[in-house]
Amino acid sequence: MTAFPLAHACVRKNVPDGPKIQESFLESLPENWAVVSISADLSSDVLLLSRLTRSGSPVVVRLPMARVTDREGESDGLTYSKVMDEFQSILSANDRTAGVAASSAAASYSKADWWAERTRLDEQLEVLLEQIESSWLGGFRGFFTVDPHTSQNEVFEEFREKIGKLIARTVSAKVKVKAPTLDVDLCRMILQLGPDPNPTDIEDLLYYMMDAYQFAGCPVGYDELNIDSMEGSLSDAVRDYHLRAPEGSDQAPEHIVLILDKYVNGIPWESLPCLRHRSVSRLPALAFLETRLLQLQQQQAATADPSSLFYVLNPEKDLVNTESQFKGFLSRSLSRDGWEGIVGAAPTEVQIEKELASKDIYMYFGHGGGEQYVRSHKIRKLEKCAVSLLMGCSSGRLKPAGEYDPSGIALSYMIAGCPALVANLWDVTDRDIDRFSAELFRVWGLGGGAGVGDQRARGRGGSNRGNGGSSSGGGNGGLGSTLCEAVAASRDRCRMKYLVGAAPVVYGVPVRLAARAAAVAS
């Protein structure tokens, strides 16, 4: 047990002695990974977070979603229903506007109006994600970080003692209490806010610690708290730590695996400000991660042979501009790297099954997730499944099923053992998603990282992935990134950085191209 529970709050449990499976699971986690589970209790508007790392004990935190406004006696907090209502409103408007090509908009819905509404929706989604982070996570953003402050050095212990005394001094006005030994993980989360923390986040953590005392039976006079003074003292302590702390040794880039329940899996957590430019993937359940950890076999990331690739481009012959954008790139790679694929023709179900089972990489540029060409149960039965990129509309969406778990083509790929799947959570316009795809190929190093074309020279219009449109792409020089890093680096290439850029997510684990992985290892 922890010396000082995080409270109201937080439950910490040691790994049970019985199930050796849990012990071996934690040991199989790479040192630079954190597994964060997110679920929602709708009956009380509470967010439940849990975190697993290789070196730390499992931690569970209970965070009321509207706690900030509740403290201030207001009733307009960011509840689950408010977030989901606004999110669904944005997606409904996105679906409507994505179905109208800017180049062919009716006179009553001019091109300027189309762009204005798309831009407004993009900004609205960005603001909503910022609000989710500030209101739901608040001072607990550090929960999503693989902590670099692993050594409890002298400076860390001084910080820990200083904060304990600050809290005890405040509470002792009501009752004599001994300065607690603060929980190590709580201190680390505070330090993850950086050398210049947001006062609101510091206040969130202070109230959390006050609640810990209240929960433990020590009365806290909230009305008498000088929260501004406490916030200043804690902020000074954080800054002092960062000035004095010894520099950490170089570490492998961190990775976050999100395990999302059915109530929150539709939210693009990967595009929250604290996660947007970091390596993040998601999985429907912890069991899927366990099977992929076996595939890693002590490597930092799974690998895929870039010469073992099959693609399906514009199978319904109506994504003319997408075909024009990528056909030359794919043809060059076909002759140089031995890629195989189909352009402007529908594949057979047997063919897709064969290629998914025999190739290392599968790319699909068409409508949806390709369910019209291969049935879900056929994918689920595969003994092996390639790393897959499904760039169609809503290819990564898991559809609600009431009391049952959600379903979708992405889940079938996970059941089949697909190491990593790139797919879209909602409908996207093809010009923008093609910009994303071209940058993804470049950053990941696919096709030698030579790039697809000059995105900037292309037009700026857009259309729904299922209704035609145009595309663009560009860049040069592969960076040898993992697929998760490449996805994070490619979001801002989209003109609609959130309305389209936040849609692609990675199901699975980080995958590096085999040649690049060998170079990194050497």
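Quick notes on this one:
- Selection from the range 371-380 of residues that are free of Cβ contacts under 8 Å to residues at least 60 places away in the same chain and assigned to a loop (DSSP other than H, G, I, E, B): 371, 372, 374, 375
- Flag for residue 211 being modelled with pLDDT under 90, assigned to a helix (DSSP H, G or I) and either basic (Lys, Arg) or open to solvent by 60 Å² or more (accessible area, probe 1.4 Å) (or both): no
- Test: residue in the range 94-116 that is closer than 22 Å to residue 131 by Cα, modelled with pLDDT of 90 or more and over 22 Å from the mean Cα position of the chain (by Cα): no
- Of the listed requirements (1) at pLDDT 70 or above; (2) within 21 Å of residue 334 (Cα to Cα); (3) surrounded by fewer than 22 Cβ atoms within 10 Å (Cβ to Cβ), residue 497 misses just one: (2).
- A single entry from 356, 390, 334 fulfils the requirement of being modelled with pLDDT under 95, surrounded by 14 or more Cβ atoms within 10 Å (Cβ to Cβ) and not acidic (Asp, Glu): 334.
- Flag for residue 368 being closer than 23 Å to residue 500 by Cβ and either outside any loop (DSSP other than H, G, I, E, B) or open to solvent by less than 60 Å² (accessible area, probe 1.4 Å) (or both): yes
- Candidate set: the range 41-68, residues that are touching a residue at least 60 places away in the same chain (Cβ under 8 Å), more than 20 Å from residue 212 (Cβ to Cβ) and not in a strand (DSSP E or B); chosen: the one most open to solvent (accessible area, probe 1.4 Å): 55
- Note on the range 69-83: residues that are open to solvent by less than 80 Å² (accessible area, probe 1.4 Å) and either at pLDDT 90 or above or touching a Phe, Trp or Tyr at 6+ places or on another chain (Cβ under 7 Å) (or both) total 5.
- Going through (1) touching a helix residue (DSSP H, G or I) at 6+ places or on another chain (Cβ under 8 Å); (2) modelled with pLDDT of 95 or more one by one, residue 304 falls short only on (2).
- Enumeration of residues in the range 69-90 that are among the aliphatic types (A, V, I, L, M), part of a helix (DSSP H, G or I) and touching a helix residue (DSSP H, G or I) at 6+ places or on another chain (Cβ under 9 Å): 83, 90
- Some residue of the range 408-421 being surrounded by fewer than 24 Cβ atoms within 10 Å (Cβ to Cβ), under 25 Å from residue 42 (Cα atoms) and in contact (Cβ under 8 Å) with a residue 40 or more places away in the chain: yes
The values are calculated or read from the model by the stated rules, or taken from the named source; none is laboratory data. These numbers were taken from a predicted model, which means no experiment stands behind them. Backbone-built Cβ (ideal geometry, glycine too); neighbour counts: all protein chains shown. Each accessible area value is taken on the protein alone, full model and side chains, heavy atoms only, with ligands, DNA and RNA left out. Shrake-Rupley method; radii C 1.70, N 1.55, O 1.52, S 1.80 Å.
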